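Structure, as structure tokens:
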Amino acid sequence: MTVNIYTYTNSAPKKKITGFAFVIEYQGHTITRKGAYDGASKNIAEVYTVLNALHMVKKPCEIKIFTTDFVKSAIETWIPKWRESGWKNSKGMPMQMEFISLENLLKPHKYSVSSAHNSYTDWLKRQAAEMEK
């Protein structure tokens, strides 16, 4: 089974709110969720959004994640380096639990990550912006 996950976040810095939306497609089914994170930075909100989507995938499968460059870099480049360094950043400080959780949720799956534009982007933008109001 292949699961496609599409994510989007939209930040309203003055309100300290980041709206999010995601779509999960699998075997002809579509699941959509939207909401807002209060007080989370845009980058961490992007990670939270992928985490929330991954929590809905209950069985090991092939996952295609369509998300931001930040999350793509975290999954493909930074997490492997942090794992090797004992989950410490370049300054020797412990990494945020969100990144460890992201790696753990991805472990049972074969996955790919893309930051390419997808067919849900406009819908996701509207949903995320709506949650900031």
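The values are calculated or read from the model by the stated rules, or taken from the named source; none is laboratory data. No experiment lies behind these values; they were computed from the predicted model shown. Cβ: placed from backbone, ideal geometry, glycine included. Neighbour counts: every protein chain shown. For the accessible areas, the whole protein counts, side chains as well, though only heavy atoms, and no ligand, DNA or RNA atoms are used. Shrake-Rupley method; radii C 1.70, N 1.55, O 1.52, S 1.80 Å.
Quick notes on this structure:
- Computed with a 1.4 Å probe over protein heavy atoms only, the accessible area of Val50 comes to about 0 Å².
- Computed FRET value (nearest 0.05) for Lys107 with Asp38, which takes r as the C-beta separation and R₀ as 22 Å: 0.15
- Entry comment: accessible area of the range 10-83 is 53 Å² per residue, from protein heavy atoms only and a probe of 1.4 Å.
- For the chain, the mean residue ellipticity at 222 nm estimated from helices alone is -9500 deg cm²/dmol, where every DSSP H run of n ≥ 4 contributes -39500 (n - 2.57) and the total is divided by all residues, rounded to the nearest 500.
- Dipole in debye (nearest 20) - the range 1-71, about Cα centre, beta carbon charges: Lys, Arg +1; Asp, Glu -1: 260
- Charge dipole magnitude, Cβ of K and R +1, D and E -1 - the chain, Cα centre, debye nearest 20: 220
- Alpha-carbon spread of the range 1-40, three principal axes, descending order, Å: 41, 11, 11
- When a 1.4 Å probe is rolled over the protein heavy atoms, the share of accessible surface on the chain that falls to carbon and sulfur comes to 51 percent.
- Charge dipole (the chain, unit charges on Cβ, about Cα centre) - positive-most of Gly86, Asn4, Trp123: Gly86
- Estimated distance in nm for a label pair at Ser73 and Met97, the labels positioned 7 Å out from Cα along Cα-to-Cβ: 2.6
- Spacing of the two label points (7 Å from each Cα toward its C-beta) at Arg83 and Ser114, in nm: 2.3
- Using a Gaussian network model of the chain in which every pair of alpha carbons under 10 angstrom is joined by a spring, one finds that among Gly35, Gly86, Gly19 the greatest mean-square fluctuation is at Gly86.
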